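The values are calculated or read from the model by the stated rules, or taken from the named source; none is laboratory data. Since the model is a prediction, treat every value here as computed from it, not as a measurement. Counting neighbours? That spans all protein chains shown, and the Cβs are built from the backbone with ideal geometry, glycine included.
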């Protein structure tokens, strides 16, 4: 990678990080209900927790906003004619910013919505595969598992269509980031529960022993 491309990719990642780090769920819950959503329900700042504790309309605002947080930075980079590496960096930045926001003490939400937006800009064909798996997961009421399967198949599609390029590698990184966000606080669970079922429940179903981490929206 040339130095100029590396610099552009770094700037794109940082701008994407800044966009993704804005905690929309926290802001929307405060504006609509005057509450700190982190102190309600699961404590997550995502749309599902906002839905359960604030309402459907605020949750829809959060869901759309978070999707756009992931979509717009890489889409803008692509429309501006940026190289593939720059677009990939712009796609990963918002996901990292959402999951490790400086406004939330470098913590954040699960990152499914923002990752879905980034996926749409990075590989539109893979995005259709992802949506199809989401639909099946919704019908089976297994959105936790569908999310992992969807991003895994998304990565397979991206690698098949783009090879081991920046796009393919970024698709793999999206899957890794989605899984990594599910492991937040896992060390506490491992102190009291068997490792294999605990890790499997976290990674595959996004559940922890005795507590569901995410709600109906995923």
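Structure values in brief
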| item | result |
| --- | --- |
| Any hit, region 25-44, residues being within 16 Å of residue 178 (Cβ to Cβ) and out of contact with any strand residue (DSSP E or B) (no Cβ under 8 Å at 6 or more places or on another chain) | yes |
| Breaking point among (1) in contact with a helix residue (DSSP H, G or I) (Cβ under 7 Å, 6 or more places away or on another chain); (2) part of a helix (DSSP H, G or I); (3) within 18 Å of residue 108 (Cα to Cα), for residue 42 | (2) |
| Meets criteria (over 13 Å from the mean Cα position of the chain (by Cα), assigned to a helix (DSSP H, G or I) and over 22 Å from residue 76 (Cβ atoms)) for residue 128 | no |
| Count of region 15-51 residues which are modelled with pLDDT of 90 or more, surrounded by fewer than 24 Cβ atoms within 10 Å (Cβ to Cβ), within 21 Å of the chain's Cα centre (by Cα) and farther than 20 Å from residue 102 by Cα | 1 |
| Checklist (1) touching a helix residue (DSSP H, G or I) at 6+ places or on another chain (Cβ under 9 Å); (2) at pLDDT 75 or above; (3) assigned to a helix (DSSP H, G or I) applied to residue 198, failing item | (2) |
| Residues (surrounded by fewer than 24 Cβ atoms within 10 Å (Cβ to Cβ), assigned to a helix (DSSP H, G or I), free of Cβ contacts under 8 Å to residues at least 60 places away in the same chain and within 16 Å of the chain's Cα centre (by Cα)) located in region 76-123 | 120, 121 |
